[in-house]
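Engineer: I have a structure I would like to understand better, so I am pasting it below and will then ask my questions one at a time.
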Protein chains: 2
Amino acid sequence: MKIVHSPQVMTAWSLRLRREGVTVGFVPTMGALHDGHRALIRAARLQCDALVVSIFVNPTQFGPTEDLAKYPRPLANDRRLCRAEGVDLCFEPSVAAMYPEGFQTTVAVPAIARRWEGAARPQHFAGVATVVTKLFGMVRPDIALFGQKDYQQAALIRRLVNDLNMGVAIIVHPTVREKDGLAMSSRNVYLSPEQRTIAATLYKSLQAGAEVIRKGTTDIQAIQLAMATMIEQEPAVTVDYLVACDPLTLDPLSSVTSRALLLGAVRLGSVRLIDNLVVAAPRTRISQRCG
Amino acid sequence: MKIVHSPQVMTAWSLRLRREGVTVGFVPTMGALHDGHRALIRAARLQCDALVVSIFVNPTQFGPTEDLAKYPRPLANDRRLCRAEGVDLCFEPSVAAMYPEGFQTTVAVPAIARRWEGAARPQHFAGVATVVTKLFGMVRPDIALFGQKDYQQAALIRRLVNDLNMGVAIIVHPTVREKDGLAMSSRNVYLSPEQRTIAATLYKSLQAGAEVIRKGTTDIQAIQLAMATMIEQEPAVTVDYLVACDPLTLDPLSSVTSRALLLGAVRLGSVRLIDNLVVAAPRTRISQRCG
């Protein structure tokens with residue numbers, strides 16, 4: 001596996017391969033790789049000839065009170081995982097190479113970014129949109145893979161790539177979960193043993209909402225009540241949001257007539273967890289079968 | 001010459017050529033082509049194998065009180081000029097293809113955009129930065145050429161391409177002028193015969209500033225006074241700005257020690273004209289000769 005720090009070397013490598021007709025796949029990460037990343041890398045491995053994983057803890061997507069300094073950086077482990085999964089190139093740009101003096105351009109996707117994680121973490125999505133645009137410029141992939149756990153991020157990137165005509169196919173890979181349903185995340189290492197045992201409540205509350213939808217309820221209040229009732233059983237959990245919204249625009253739904261995105265963010269002490277489920281209303285499934 | 005409306009067809013054409021090792025040059029325009037554009041196209045023709053000119057009057061870079069509706073659109077003439085100059089492909093996307101429903105992403109280059117034209121025309125440079133990013137995504141050029149007349153625009157695009165790692169070489173071509181020095185512009189057709197005779201005053205005032213610098217003056221007040229004195233000889237001309245600034249950052253200079261960008265915008269009735277000159281202080285020239 002090649003390890004590359006220089007953006008210029010990265011771009012030259014990719015352009016040379018693409019000129020030869022080789023398809024380049026890309027999994028951008030902030031490192032601290034877990035089985036969720038592994039699943040992304042394996043899915044990418046099946047869909048391209050040459051596979052790039054980037055490891056870059058992007059400072060511009062962290063807020064001033066967030067965990068940039070303590071974000072885990074187990075680089076040797078990360079490289080080992082990449083090597084074991086057949087990654088061809090591990091791209092590890094420095095902060096100085098990414099944001100040299102005079103850097104000032106930003107990319108914004110305002111409608112998708114304004115709610116939920118965007119409301120809770122101002123500047124987060126501007127940081128994400130800008131760094132992904134830059135990474136795509138450096139890596140020049142044919143396809144790029146993102147995890148469904150960060151649903152709003154994936155929706156934003158899909159919009160961005162389409163709006164700016166980047167010509168990168170975006171693939172969203174299903175969330176990988178621990179045995180009790182907790183979505184895998186590099187931030188799970190911050191959980192104390194006590195917090196870890198109750199962290200799966202977020203997933204259970206999303207499941208409770210999904211169950212109500214699958215039984216035919218279209219009423220948003222009833223769906224959100226089912227999720228709230230489940231999460232309130234754990235008083236240590238503080239809800240940021242726990243909502244049913246449109247899977248494309250991420251706007252709140254007034255009723256569930258086709259597909260719904262159940263989206264949640266909670267805090268457990270100082271640890272923030274997010275998760276989501278996409279659920280189809282039973283009528284949709286019937287009409288799809290008939291149509 | 002091929003005429004293409006579809007962004008997808010445009011991208012496919014360019015990618016196929018680039019895979020074959022053909023270099024693609026690009027001159028983005030809003031049409032109403034004049035001898036300034038012709039010079040850009042000829043310069044481009046010398047530096048690439050395949051040459052694309054786009055014609056797109058971009059609504060998002062016009063302010064609500066500006067001349068979008070009446071902006072000249074002599075398409076047949078424009079195509080004739082392109083054909084005569086050996087353009088390979090004329091790309092004419094529709095507004096709907098450029099900004100489909102749901103479009104929302106914007107690109108900003110805040111430090112370069114905040115002064116001068118950016119202050120006079122809010123949203124103008126956001127519109128320019130976004131449409132150029134999109135056009136580069138659609139056309140995938142190796143090189144792109146811009147006219148020096150829109151100096152701030154060219155500086156912004158250079159910054160943008162660098163910041164977002166687009167890998168397009170940006171070439172700025174010297175301003176082409178009428179016999180009396182008036183910079184060629186598609187908007188010159190708005191000038192009445194009386195306005196036309198005095199329009200070259202802007203260029204003369206920039207020359208007056210340049211003359212003072214070449215004589216060794218480093219004092220900004222003296223340079224700006226020379227420009228102001230010249231322009232005030234024409235009372236029909238209203239000055240928006242007429243300044244000496246840094247050619248890279250476009251920040252105002254406190255004294256001219258190396259190169260200065262003399263930058264001006266004036267109004268003649270409802271017509272707005274811009275122009276600029278880049279001038280080297282005599283000391284710079286000597287030190288360059290010795291270094």
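Engineer: For region A:134-161, how many residues are of a type outside the set (Lys, Arg) and over 20 Å from B:Gln8 (Cα atoms)?
Structural biologist: Residues flagged as of a type outside the set (Lys, Arg) and over 20 Å from B:Gln8 (Cα atoms) within region A:134-161 amount to 14.
Okay, residues lined up against (1) of a type in the set (Gly, Ala, Ser); (2) touching a Gly at 6+ places or on another chain (Cβ under 6 Å); (3) over 29 Å from B:Ala43 (Cβ atoms):
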| position | (1), (2), (3) |
| --- | --- |
| B:Met166 | no, yes, no |
| B:Thr175 | no, no, no |
| B:Lys215 | no, no, yes |
| B:Ala226 | yes, yes, yes |
| B:Arg259 | no, no, no |
| B:Leu262 | no, yes, no |
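Engineer: Any residue at all in region B:21-32 that's within 13 Å of another protein chain (Cβ to nearest Cβ) and closer than 15 Å to B:Met138 by Cβ?
Structural biologist: Looking for residues that are within 13 Å of another protein chain (Cβ to nearest Cβ) and closer than 15 Å to B:Met138 by Cβ, one finds none in region B:21-32, hence no.
Engineer: Which residues, taken from region B:62-102, are more than 30 Å from A:Leu156 (Cα to Cα) and touching a residue at least 60 places away in the same chain (Cβ under 8 Å)?
Structural biologist: B:Asp67, B:Tyr71, B:Pro72, B:Arg79, B:Cys82, B:Arg83, B:Val87, B:Asp88, B:Leu89, B:Cys90
Engineer: With A:Gly86, A:Gly63, A:Gly102 as the choices, which residue is assigned by TED's automatic domain parsing to the domain that holds A:Trp13, on the phi < 0 side of the Ramachandran plot and not basic (Lys, Arg)?
Structural biologist: None of the other options fit; the residue is A:Gly63.
Engineer: Which of (1) of a type outside the set (S, T, N, Q); (2) touching a helix residue (DSSP H, G or I) at 6+ places or on another chain (Cβ under 9 Å); (3) without any contact (Cβ under 8 Å) to a residue 60 or more places away in the chain is the odd one out, the single condition B:Arg45 does not satisfy?
Structural biologist: Going through the list (1) of a type outside the set (S, T, N, Q); (2) touching a helix residue (DSSP H, G or I) at 6+ places or on another chain (Cβ under 9 Å); (3) without any contact (Cβ under 8 Å) to a residue 60 or more places away in the chain, B:Arg45 breaks only (2).
Engineer: Follow-up question, since we're still on this one. Of all the residues that make up region A:201-242, how many are among the β-branched types (Val, Ile, Thr) and either surrounded by 22 or more Cβ atoms within 10 Å (Cβ to Cβ) or part of a helix (DSSP H, G or I) (or both)?
Structural biologist: Within region A:201-242, residues that are among the β-branched types (Val, Ile, Thr) and either surrounded by 22 or more Cβ atoms within 10 Å (Cβ to Cβ) or part of a helix (DSSP H, G or I) (or both) number 7.
Engineer: Which of the following residues is of a type outside the set (A, V, I, L, M, F, W, C) and within 14 Å of chain B (Cβ to nearest Cβ): A:Pro59, A:Pro93?
Structural biologist: Of A:Pro59, A:Pro93, the one residue that is of a type outside the set (A, V, I, L, M, F, W, C) and within 14 Å of chain B (Cβ to nearest Cβ) is A:Pro93.
Engineer: Right, next: Of B:Ala222, B:Ala199, which residue is in contact (Cβ under 8 Å) with a residue 12 or more places away in the chain, on the phi < 0 side of the Ramachandran plot and outside the structural domain of B:Arg140 (by TED's automatic domain parsing)?
Structural biologist: Testing whether each residue is in contact (Cβ under 8 Å) with a residue 12 or more places away in the chain, on the phi < 0 side of the Ramachandran plot and outside the structural domain of B:Arg140 (by TED's automatic domain parsing) leaves just B:Ala199.
Engineer: Then there is this: Does B:Phe125 satisfy the condition of being of a type outside the set (Val, Ile, Thr), more than 10 Å from chain A (Cβ to nearest Cβ), within 20 Å of A:Val109 (Cα to Cα) and buried (at least 20 other Cβ atoms within 10 Å of the Cβ)?
Structural biologist: Yes.
Engineer: Could you figure out which of (1) at pLDDT 95 or above; (2) over 20 Å from A:Glu194 (Cβ atoms) isn't true of A:Val256?
Structural biologist: (1)
Engineer: Take the residues in region A:158-168 that are more than 16 Å from A:Met138 (Cα to Cα) and more than 7 Å from chain B (Cβ to nearest Cβ), then tell me which one is farthest from the chain's Cα centre (by Cα).
Structural biologist: Across region A:158-168, the extreme among qualifying residues is A:Asn162.
Engineer: Specify the residue that is farthest from the other protein chains (Cβ to nearest Cβ); the eligible residues are those in region B:103-122 that are of a type in the set (D, E, K, R) and touching a residue at least 40 places away in the same chain (Cβ under 8 Å).
Structural biologist: Ranking the qualifying residues of region B:103-122, first place goes to B:Arg121.
Engineer: Quick check on my filter: what residues within region A:135-157 are away from chain B (no Cβ under 11 Å), among the small types (Gly, Ala, Ser), in contact (Cβ under 8 Å) with a residue 40 or more places away in the chain and in contact with a Gly (Cβ under 9 Å, 6 or more places away or on another chain)?
Structural biologist: A:Ala144, A:Gly147
The values are calculated or read from the model by the stated rules, or taken from the named source; none is laboratory data. As the structure is a computational prediction, the values presented were derived from the model and not from experiment. Because the Cβ atoms are built from the backbone with ideal geometry, glycine has one as well, and the counts that use them run over all protein chains shown.
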